[in-house]
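Every read-out reported here was derived from the displayed coordinates using simple, explicitly stated rules and does not represent laboratory data. Note that the structure is predicted; figures quoted are calculated from it, not measured. Here Cβ is always computed from backbone atoms with ideal geometry, including for glycine, and neighbour counts include all displayed protein chains.
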Amino acid sequence: MISRRAYIAASVLAGSGAFAGLSAGLARRVGHPSRLSALEFSREGRAPTGTMIGEELDGRMFTDLSAIRSPASVTPVESFYVRTRASRLLPRPEGWKIRFSGPGHSEDVAAESLSREAASVGPCLMECAGNTRRAHFGLMSLADWSGVRLSVLMDNMGLNRPGFRTCVSGFDDYENPSATSTPGASWIFSAEELRASRAFLGTKMNGKPLTADHGAPVRLVVPGWYGCCCIKWVNRVTLVEDSCEATSQMKEYWSRTHQSAPHALAKDYEPARIELAAMPVRIEKWRTEAGIEYLVAGIAWGGPQPARAVQIQFHPGGEYSNVEKMRQQWHSAWAYWTHWWRPRAIGEYQIRLRARDPRLRTKRLDSNYYARSFEISQI
Ligand SMILES: Nc1nc2c(c(=O)[nH]1)N[C@H]1C(S)=C(S)[C@@H](COP(=O)(O)O)O[C@H]1N2
Ligand SMILES: [Mo]
């Protein structure tokens, strides 16, 4: 279980005496630790993860993030979160076309031909702007995508015109009215936003054709932006005037995408980018030579990629320390971190994280959006 290299490294450090404060950590590495159990997070409701609930616009599936065990943990398609289920009125994917149009130009592109052109993009994280504690923050997943870059496609069609923005729309008619959401899915991007984000029309997830619930046959994916921009069942890509009105979807999501107001015009919206955020996904109780210790595992995502270093705090007002070990496998994926911890007392704790670089803007993280509580009953 413990590699010889790690054993030797630990003995050398122990001999140097410089790491006296880390004696628990050293004992852990030289002893034979065993995992006893995983703790539950408290104050998060009872929403089930990994099962589909509801229909159409109210259909949801929450991903079980506690299953993440490495920076290379890609979410299986059947566990990938669902924010809106496929409509009962959704046309069959066979023969699906996307209408591309701009001034003096209109062209139908078959989803079939996009599938043939699609190239591997790599793993991209997606998170719903309305990700919620009630569902253990399970409106977030990571898949390995194939698709066609939208800005390249539009360049090739001569649809890159100064003075215009691009409106991407998807099928969004439902048999039943929703209890919580407004139908009508479209988002407007500037040409530069599409280029810089490397937004693509996705046709495959984890090497398999898209499922109906994830937007088959074609959906938009905007790496680094919230899921509300990632239009499913794409049927229209339209050039619109620079001064056009924002869509109902942009307005519905204005506060969840951290806009300063529900602006009337599309051009007044900030890119709906995900800022650096982090949270624990699992807390394991271990027996080590030092006694009972806890291994906290978590993820960090969003924000500028090389700057994901985060610090952890175990109770409000407590000290922050650097997360011990963090690894990232892919640019647009979550980083995975682990941190050993020995609480001094039993009781309730709450983990908060913050960016190590205080200059980074981390609005959502700083509002304790992702703070998670749990009970320690053994030390
Ligand atoms: N046509 C359409 N596209 C849509 C939506 C929708 O309701 N209708 N929901 C959006 C939201 S809010 C999110 S978070 C993502 C979720 O994608 P997923 O269900 O595949 O995880 O799809 C986006 N695309
Ligand atoms: Mo969303």
Practice task
Could you work out, for the chain, what percent of all Cα-Cα pairs fall into each 10 Å distance bin, beginning at 0 Å and stopping at the bin that holds the largest distance?
Solution key: 5, 22, 30, 22, 12, 7, 2, 0
Fill in the blank from the handout: Neighbours of residue 190 by Cβ distance under 13 Å: Lys/Arg at +1, Asp/Glu at -1, summed charge -2
Exercise for the section: Subtracting the Cα-Cα distance from 0.36 nm times the residue separation, let me have the gained length for residue 180 to residue 32 in nm, one decimal. Expected result: 48.2 nm
Completion exercise
Asserting the computed 222 nm helical MRE of the chain (DSSP H runs at least 4 long, -39500 (n - 2.57) per run, divided by residue count, to nearest 500) equals -3500 deg cm²/dmol
Problem - Cα-projected label distance for residue 245 with residue 72, points at 7 Å along beta-carbon direction, nm - result: 5.1
Handout entry: Ordering of 123-130, 352-359 by packing [mean C-beta count within 10 Å, highest first]
Key = 123-130, 352-359
Handout entry: DSSP-assigned coil residues among trypsin sites (Lys or Arg not before Pro) in the stretch 113-174, each with at most 10 further Cβ atoms within 10 Å
Key = none
Handout entry: Chain lengthening between residue 322 and residue 379 when straightened (0.36 nm per residue, less Cα-Cα)
Key = 18.3 nm
Completion exercise
In nanometres, the difference between 0.36 nm per residue of separation and the alpha-carbon distance of residue 363 and residue 64 is 105.2 nm
Problem - Loop trypsin sites (Lys or Arg not before Pro), the stretch 61-111 (other Cβ atoms within 10 Å of the site Cβ: 12 or fewer; DSSP) - result: 69, 88
Handout entry: Between the stretch 111-160 and the stretch 303-326, the alpha-carbon center distance in angstrom
Key = 29
Practice task
Could you pull out every one of the lysines with an alpha carbon less than 18 Å from that of residue 363, ignoring same-chain neighbours closer than 8 positions?
Solution key: none
Fill in the blank from the handout: Highest mean packing first, using Cβ neighbours within 10 angstrom, the peptides 321-328, 280-287 sort as 280-287, 321-328
Exercise for the section: Tell me the Kirkwood hydrodynamic radius of the stretch 132-203 in angstroms, computed as one over the mean inverse distance between distinct C-alpha pairs. Expected result: 15.0
Practice task
Using only C-alpha positions, report the orientation-averaged shadow area of the convex hull of the stretch 277-379, nm², one decimal.
Solution key: 6.6
Fill in the blank from the handout: Square roots of five times the C-alpha gyration tensor eigenvalues of the stretch 82-132, ordered largest first and given in whole Å, equal 26, 18, 15
Handout entry: Label-point separation in nm, residue 149 to residue 270, each point 7 Å along Cα→Cβ
Key = 2.7
